[in-house]
Every structure is written in structure tokens, then in C-alpha cells.
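Structure first, commentary second.
The values are calculated or read from the model by the stated rules, or taken from the named source; none is laboratory data. On a predicted model such as this, the values are computed, not experimentally measured, just so you know. Cβ placement follows ideal geometry from the backbone for every residue including glycine, while neighbour counts extend to all protein chains displayed. What goes into the accessible areas is simple: the full protein's heavy atoms, side chains included, and nothing from ligands, DNA or RNA. Shrake-Rupley method; radii C 1.70, N 1.55, O 1.52, S 1.80 Å.
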Amino acid sequence: MYNQLREILSSDKSIPKDFKRGTKMEVIIPTLNEEQTIGEVIRNIRSSNLPVALSILVVDGGSTDHTLDICRKENVRFMIQKVRGKGNGMREAVDQSEADIIVFIDGDGTYCPTDLALLLEPLLNDSADMVVGSRIKSKREKGAISIFNSFGNRIFNNTINFAMNSSITDSLSGYRALYREMFKDLILFSDAFEIEIEMTVEALAKGYRVLEIPINYGLRKGSNTKLAPLSDGTKIGRTLLFILMNVNPLKFFGVISLVFFVVALWPITQALYEKIFFGEIVSIPAVILAALLIVTGILSIVIGMLAELLVRSRRRLEFLINKTRE
């Protein structure tokens, strides 16, 4: 399949001539102590046969091993990020890039550089604005994704799909390609691993076309994973809730309101039962609880409506600002 796609990418029918001749693509590799794999990743990227001008930028988070020495040996451009954290490194690297298309890939050897053509083709054919390599759709090595990480990823994906009416399968993938100008248009605040999920939700919220493709995914080679499932999972979940609250507040607060209304059914049922069968309400606390739950539910939906109004106003303002810049 890869050879067939490479033939398509090399033909003038698939890619406009101006894209083929002038498009620049830079592969950004965030690293932190990846001496055992970074050299192989760089060589595999360079061996890719792509119809664009290819460059590589390694952004290092403060490696204490020989990662940067290997980068020098491979004669690849690298930078040391000013603020630690994968999210900070990715934003700093994009600021230093002048390429039209940027590709993010981890330096631990889990993602296959030969899949670059698969990520590039939809962008050049204008069938997507951001292409994400899905580990869930892929043929991956056994144990490449732990059960805990897979479970958390599924929860995050289902939450995004419910809020955004999408069909995302791997919102946490670190292998993705997009136009540099699109990246700059996304509002990204995350410092660490949660930046991937932030990119996914922001792209969907702004109406960009997000396409997932199956990729090869293997076991991590050499160093241990930097991802702490519990602490980083908590950060990612908190970031996701904050993003969804700002992107689709009516649905977010609507669900909260529904929960309060459903819980209120229990004390309401108890009060009605006493009124019907005993002629009077004995459990006054149940009435008070039901009233509080209903009022809280109403307040939640009102807050959601006001927040939705603010979000829509902000989007209109952003649209007008961008239109005046054109």
C-alpha cells in the first residue's frame, strides 16, 4: 500500500505542480533522553521519498544523555527549548520553523517514519487540514499501548465525540501533520502531553477537517516512557474538561443540569409517595434537597446558555478580525 501511495504522490495528477515544487515540510521531533533511538528516527525520516522539500528540527527538553551529540553527528538542526514540557517545546519549535507543513513525531521510535507519505498525501490533495496517525486503527505491536492508557484514551475520545459530534479514535496521538498557519491559528495553552488532545479539540471547534489514518505503531525502544499514567491522565482530563467547557458550553452544562434533574427525582418521588399514601409530607429534608437540586439544575442550564452566547460572540469577533487581516 505504501508503494502504491508513493507512486500517487509522485504523479502530477495527485498533487498540483505548485505544491509539488514549492512546498516545504519540516518534521519536528520533541526529545528528552532519546539517545538510543533518535539517530535511527532521523535516518529513517531522511530516507523517505517525498515530493516536498524536507527538513528536520529536533526540539530538546533538556536531555542529560547523548541525544544532542547524536543530532550533531547526524548534522540535523536542533534547539533546546526555553521552558520544559512537550507542549512548550512544540510551540517553540513551530515559532522557529519556516515550513509550509509541519509534522510532529516522537523520538522514541514508536512511530514509523515511513508513514510520512500517508500523512502528507491528504494535505497536498486538500482533503484534510490536519492528518492524525491513529494508533487505534493501526496494526500495533502487542503491549505498545498499555491497558490503562488504552482505557483512558477511549474515555477521552468518547467525550470529545459526544461534545463535538465527531468520530475521533486517537486524540492523544503524537504523530500528526498540519499546515503551520493552521497550528498558529489554534489556541493552545497546554505545557505537556495534553497538547495533543488540545490540538484535536481546537481544530474540530474551529471547523478544520481532521482526518485519521491507520499507521504502524511499535513498542518503545530504549528509555522508559515519560508519561505518568495517573498524574498525566489527570492533567489531560482536566484540560479536556476545560476545553470542552469553552468550546461547547451549552452541551457541557446541559449534561450537568440533566444530572441534577435526574438525582432530584429520588427526593421528589419520596415526597410524592408520602403525600399520596400518608396525606402529608413527613420528610421535609427530602423536599429541601429536591428544591436545591432543581434550582441548581436550572442555574446550570442558564450558565450554559450565557456561556454559549459568549463563545459564539467570540467566534464572530475572531472571524471579523481575521477577515480584516485578509
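Report, in degrees rounded to the nearest 10, the 0 to 90 angle that the Cα long axis of helix 195-205 makes with the longest principal axis of the chain. Orientation of helix 195-205: about 70 degrees from the principal axis.
Once the C-beta distance of Glu280 and Met305 is scaled by a Förster radius of 35 Å, the resulting FRET efficiency is 0.40 to the nearest 0.05.
Multiplying the residue separation of Glu40 and Lys139 by 0.36 nm and removing their Cα-Cα distance gives an extension gain of 33.5 nm. What percentage of the solvent-accessible surface of the chain, computed with a 1.4 Å probe over protein heavy atoms, is contributed by carbon and sulfur atoms? In the chain, the share of accessible area belonging to carbon and sulfur is 61 percent. When the charge dipole of the chain is built from unit charges on Cβ atoms (+1 for Lys and Arg, -1 for Asp and Glu) and taken about the Cα centre, the candidate among Met305, Phe189, Ser283 whose Cα reaches farthest toward its positive end is Met305. With semi-axes defined as the square roots of five times the eigenvalues of the C-alpha gyration tensor, the equivalent ellipsoid of the range 55-122 measures 20, 15, 12 Å, largest first. When Rg and the Kirkwood Rh are both derived from Cα coordinates, the Rg/Rh ratio for the range 249-324 amounts to 1.34. When the chain is treated as a GNM with alpha-carbon contacts under 10 Å, the residue of Val247, Val94, Val295 showing the greatest mean-square fluctuation is Val295.
Placing dummy labels 7 Å off each Cα toward the beta-carbon, the span from Ser231 to Lys24 is 3.8 nm.
Relative contact order of the range 11-246: 24 percent, from C-alpha pairs under 8 Å at least 6 residues apart in sequence. As I understand it, the value is the acute angle between the Cα axis of helix 249-278 and the longest principal axis of the Cα atoms of the chain; what does it come to in degrees, rounded to 10? Roughly 20 degrees, rounded to the nearest 10.
Helix 284-325 and the longest principal axis of the Cα set of the chain meet at an angle near 30°.
Using the Cβ-Cβ distance between Ile147 and Ile321 with R0 = 45 Å, the FRET efficiency computed as 1/(1 + (r/R0)^6) comes to roughly 0.50.
Look at where the Cα atoms of the range 175-209 and of the range 54-69 average out, and the two centres are 23 Å apart. Considered as an equivalent ellipsoid built on the Cα gyration tensor, the range 34-154 has semi-axes of 23, 20, 16 Å, the largest given first.
Counting every pair of alpha carbons in the range 11-246, the share spaced more than 34 Å apart comes to 9 percent.
Solvent-free Debye calculation, one equal scatterer per alpha-carbon of the range 114-171: log10 I(q)/I(0) at 0.14, 0.28 Å⁻¹ equals -0.49, -1.11.
Per residue, the convex hull spanned by the Cα atoms of the range 158-274 measures out at 161 cubic angstrom. Between Met90, Met164, Met305, where does the largest GNM mean-square fluctuation fall for the chain, given springs only between Cα atoms within less than 10 Å? Checking each option, the largest mean-square fluctuation is seen for Met305.
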